[in-house]
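Peer 1: A single structure is presented below for examination.
The values are calculated or read from the model by the stated rules, or taken from the named source; none is laboratory data. Keep in mind that what you see is a predicted model, and the values were worked out from it rather than measured. Here Cβ is always computed from backbone atoms with ideal geometry, including for glycine, and neighbour counts include all displayed protein chains.
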Amino acid sequence: TCSFVLSMKFVNVTISALLWIRIIKEEFLTVIPMTVIIFIAIPSLRLLYLMVNEILHFLKDPRTRFHKFHYTYEIFT
């Protein structure tokens, strides 16, 4: 009976795990793209804007702007 109870528990655990995996997969299919857009796209766009801005400034005035660019780059990485 002990092995039977253990096997039933195991079956129960696997079924619940499979259900959870299905739920999580369904949730992630909607949630992950949003979080990816929020967490990757926005900071990278900001970083891209800063880098372009700093490069343009650097092209205008190479002496004073170069250190600032390194500083902003280090903050983001």
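Peer 1: Go through the residues of region 59-68 one by one and say whether even a single one is modelled with pLDDT of 70 or more, surrounded by 12 or more Cβ atoms within 10 Å (Cβ to Cβ), among the hydrophobic types (A, V, I, L, M, F, W, C) and assigned to a helix (DSSP H, G or I).
Peer 2: No - not one qualifying residue is present in region 59-68.
Peer 1: Regarding Ile55, is this residue surrounded by 11 or more Cβ atoms within 10 Å (Cβ to Cβ), at pLDDT 75 or above, part of a helix (DSSP H, G or I) and of a type outside the set (S, T, N, Q)?
Peer 2: yes
Peer 1: Show the residue pairs meeting these rules: Cβ distance below 6 Å; 6+ apart or different chains; first residue within region 1-19 and at pLDDT below 80; second residue of a type outside the set (A, V, I, L, M, F, W, C) and surrounded by 10 or more Cβ atoms within 10 Å (Cβ to Cβ).
Peer 2: Every condition considered, no pair remains.
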